[in-house]
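The next block holds one structure in the form of structure tokens; read it before the comments.
The values are calculated or read from the model by the stated rules, or taken from the named source; none is laboratory data. This structure is a prediction, so every number in the text was calculated from the model and none was measured. FYI the Cβ positions are ideal-geometry reconstructions off the backbone, even for glycines, and counts take in every protein chain you see.
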Amino acid sequence: MPEATKLDRSMMNSVKAVGPDSVAVQPADGTQRQIGLVVSKTPEYLAKRAEALNKPRAVIGQVSVE
């Protein structure tokens with residue numbers, strides 16, 4: 001799949017889809033981390049998300065709620 005970029009603390013990181021519900025992110029230090037996406041069974045949502053992830057300069061937002 002084509003790579004996209006993600007803005008994180010003023011550093012551009014590599015983001016690559018690795019499955020229907022996750023992406024691999026490569027921070028500036030060169031390590032690789034997998035981030036889970038929202039789990040959905042809605043075909044329309046999944047198709048739109050897949051299309052968006054394949055666009056150049058796609059951005060992934062992540063929020064943690066405690």
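Here are a few things to note about the model shown:
- The set of residues in segment 56-66 that are loosely packed, with under 10 Cβ neighbours inside 10 Å and within 14 Å of Lys16 (Cβ to Cβ) contains only Pro56.
- Residue match in segment 12-20 (condition: among the polar types (S, T, N, Q), surrounded by 11 or more Cβ atoms within 10 Å (Cβ to Cβ), closer than 16 Å to Gly61 by Cβ and at pLDDT 85 or above): no
- Condition check for Val23: at pLDDT 80 or above and surrounded by fewer than 13 Cβ atoms within 10 Å (Cβ to Cβ): no
- Checking each residue in segment 37-55 for being in a loop (DSSP other than H, G, I, E, B) and more than 15 Å from Val23 (Cβ to Cβ) picks out Lys41, Thr42.
- Positions within segment 39-66 being without any contact (Cβ under 8 Å) to a residue 12 or more places away in the chain and of a type outside the set (S, T, N, Q), in sequence order: Lys41, Pro43, Glu44, Tyr45, Ala47, Lys48, Glu51, Ala52, Gly61, Val63, Val65, Glu66
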